[in-house]
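Written below as structure tokens is the structure these notes are about.
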Amino acid sequence: HELKAAAPKTRFTVGVRDDVSHLSLEVDSELDIESPKTRRALFFGLGADGTVSSNKASIKILGEGTELFAQGHFVYDSKKSGATTVSHLRFGPLPIRSSYQINRAQFVAIHAPQFLERFDVLEHAAEGATVLLNVPWSKDEIWDRLSVEVQRVLVERKARLFVIDAAEVAEKAGLERRINTVMQVCFFALADILPREEAIAHIKESIRKTWGRRGPEVVRRNVEAVDSALDNLHEVPVPDKVTATRTRPPRVPENAPDFVQKVTRLLLEGQGDKLPVSAFPPDGTWPTGTSQYEKRTIALEIPIWESDLCVQCNFCAMICPHTAITSKVFEPESVKGAPEAFEVVPET
């Protein structure tokens, strides 16, 4: 459209909403120039859950073991274990030269249930996409647990929905919480890229190559997870209308400062690319105290202090690297009127 203007811009930017110098060009978000023969998949995972590793293995399986071309692009945030990872995978019979992130994916996998409440994970799901959820809920109750926003996308885009409790499958196989092998099997079973049995054979061979040096027991556990994955994979019928009444909770409270509402909130929702230039402080300074708004609540389990077993050595408080455990010494009078569930023990 810019070339059709009476005076086209000679200097411009693309992908930046520049409402200060007004050099940016408008981009059609619906424009899709990728080959219809290319399969596109998005995976939302947690750092250290093995999602990225399994996706890299999938690229090798398809790129080296078949005639397909393969491409992988991985997005991380700045946190350590538990960080959000987004894997962009492309496969197809033609060379892939797409140097940009996936905009329309035929397959979307959400490896952590809390992502459904934090991000618009289905924003880039294509019409008729296959959606895979790793959730601790049964196929009969999952639909009622989804928010209005998630149900609306599934209904409007006529998506197919599949669920699995990958954490339970991994634990039974002795893999603790590493769900990557389980989810990888589900991906190949649903993505229709390779015949199912051939894909599983490739996965098992990849396991032997990757984990063989760790010993036969580690290999056995991963193979066991592969063999039991599909028995726990279930399709959930998607109704023809939205039935939910609960909307996605806001990422920041209503009483948060203006900067947190307008900037921090969008960053936490993974929509930072949509912020205009004018939203950022001109001098580069950043308000302090914003980390209180990004508590991720990603733990599946939390520790419980057993006061009758505590010997008051304080080792747990000393060794905890994130100060999640602290010990307090106080006068007995200060806890008078405390809730019944508030546990205290006399100092020894």
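The values are calculated or read from the model by the stated rules, or taken from the named source; none is laboratory data. Source: prediction; values computed, not measured. We place every Cβ from the backbone using ideal geometry, glycine too, and count neighbours over all the protein chains shown.
Remarks
- Enumeration of residues in region 246-262 that are within 24 Å of the chain's Cα centre (by Cα) and in a loop (DSSP other than H, G, I, E, B): Arg246, Thr247, Arg248, Pro249, Pro250, Arg251, Val252, Pro253
- Scan of region 309-343 for residues that are under 28 Å from Ile298 (Cα atoms) and of a type outside the set (A, V, I, L, M, F, W, C), ordered by number: Asn314, Pro321, His322, Thr323, Thr326, Ser327, Lys328, Pro339, Glu340, Glu343
- Residues in region 174-211 that are hydrophobic (A, V, I, L, M, F, W, C), part of a loop (DSSP other than H, G, I, E, B) and farther than 18 Å from Asp49 by Cβ: Ile193, Leu194.
- Residue list for region 263-304, restricted to those being part of a helix (DSSP H, G or I), closer than 19 Å to Leu116 by Cα and of a type in the set (D, E, K, R): Arg265
- Within region 308-325, tally of residues that are surrounded by 10 or more Cβ atoms within 10 Å (Cβ to Cβ) and assigned to a loop (DSSP other than H, G, I, E, B): 6
- Within region 160-173, being touching a Leu at 6+ places or on another chain (Cβ under 6 Å) and either in a helix (DSSP H, G or I) or β-branched (Val, Ile, Thr) (or both) holds for Val163, Ile164.
- Test: residue in region 212-234 that is outside any helix (DSSP H, G or I) and hydrophobic (A, V, I, L, M, F, W, C): yes
- Where strands (runs of 3 or more DSSP E) fall wholly inside region 1-97, the ranges with 1 or more residues that are loosely packed, with under 15 Cβ neighbours inside 10 Å, at pLDDT 90 or above and at negative phi are 69-76.
- As for region 247-261, it holds no residue that is of a type in the set (Phe, Trp, Tyr) and either modelled with pLDDT under 90 or over 30 Å from Val153 (Cβ atoms) (or both).
- Only residues that are among the charged types (D, E, K, R) and either touching a residue at least 60 places away in the same chain (Cβ under 8 Å) or in contact with a strand residue (DSSP E or B) (Cβ under 8 Å, 6 or more places away or on another chain) (or both) were counted in region 148-191, giving 9.
- Hey, Ser138 within 26 Å of Asp32 (Cα to Cα), of a type in the set (Gly, Ala, Ser), over 15 Å from the mean Cα position of the chain (by Cα) and modelled with pLDDT under 95 or not: no
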